[in-house]
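**Q** Let me give you the structure first, and then I'll get to my questions.
Laboratory data are not the source of any read-out in this text; all were calculated from the coordinates shown. Treat the numbers as computed from the prediction; the structure is a model and nothing was measured. Backbone-built Cβ (ideal geometry, glycine too); neighbour counts: all protein chains shown.
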Amino acid sequence: MYGQFAIQPSKTNNGDYINGNMNEPQVMTVGGGKALDPNKYATKKTIAQGMLDIALLTANASQLKYVLQVGKSYEFYSVMLGLIITSLVLQVLVGVLFLIIGGMNINDPQQHKAADILNNIIVMFLFVISVVNVILNSLGIEQMNRVPPGVPIKTNSTKS
């Protein structure tokens, strides 16, 4: 799930490494014999996840702006405000945890337990963020693309 956790060389039952060298990345073949580098795969996956995280952060900021513009006239104002702020705070917290776990040396056996715990916490927070955003979308802001109440409507037509 995270780019910093590349696949390590596998051991056989007698303890020997399959590819003979523990420091070489394990390369697998797929389909027609094309080599699959797990490190490149993990990096691409991490970049894609980061872009999705940015999209979610942007969507939440947009929802927050709309709810604040509409004000208390919106039926679910307090609930939406609480959920959006919760989502934004958790997203920032996950970003900080990503920075912490990214700086850890996973080749150091002493840091394995801490990295595993942090990874589990991050997964838990990501689950909560997903649930919060499902609830946000189920409450729906159907009229978000319309002009909020109290905001003057601007027209581009010119009078002659």
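**Q** Suppose each label sits 7 Å from its Cα in the direction of the beta carbon; what would the Q49-M124 distance come out to in nanometres?
**A** Reported label-point gap for Q49 and M124 is 1.7 nm.
**Q** Starting from the 7 Å offset along Cα-to-Cβ, what nm value, one decimal, do you get for the label separation of I100 and L139?
**A** With each label point 7 Å from Cα toward Cβ, the separation is 2.8 nm.
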